[in-house]
Amino acid sequence: MKGTKDFPQCGFSNTVVQILKSLNAQFETVNILDNDLVRQGLKEYSSWPTFPQLYIDGEFFGGCDITVGEPD
């Protein structure tokens, strides 16, 4: 995500953080703004061009739109 769970740095990242917190989910974040290689690597790994990217048990789930339940 852009930022951290304590300090999200975009609205989409904040939305996902708020959803996970409302579910009392335990989660960790990686600030992709800290490292261009990590950011590009995650885009390639997931074949998903935007952030945040949510992974559940190591599997890519989707971005903010999928997390909030918007149709494709």
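Read-outs: derived from the displayed coordinates by stated rules, not from any lab. Everything numeric here is computed off the predicted structure, so don't read it as measured data. All Cβ positions, even for glycine, are placed from backbone atoms using ideal geometry, and neighbour counts span all protein chains on display.
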Would you call residue 66 over 13 Å from residue 13 (Cβ atoms) and among the β-branched types (Val, Ile, Thr)? yes
Quick one: how many residues across region 63-72 are in a helix (DSSP H, G or I) and among the β-branched types (Val, Ile, Thr)? 2
Check on residue 11, in contact (Cβ under 8 Å) with a residue 40 or more places away in the chain, on the phi < 0 side of the Ramachandran plot, of a type outside the set (A, V, I, L, M, F, W, C) and in contact with a helix residue (DSSP H, G or I) (Cβ under 9 Å, 6 or more places away or on another chain): no
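Anything in region 32-48 that is loosely packed, with under 13 Cβ neighbours inside 10 Å and either acidic (Asp, Glu) or assigned to a helix (DSSP H, G or I) (or both)? List them, or say none.
Listed by number, the residues that qualify are 34, 36, 37, 40, 41, 44, 45.
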Answer from 27, 51, 60, 12 - the residue that is in a strand (DSSP E or B) and either of a type outside the set (A, V, I, L, M) or surrounded by fewer than 16 Cβ atoms within 10 Å (Cβ to Cβ) (or both): 60
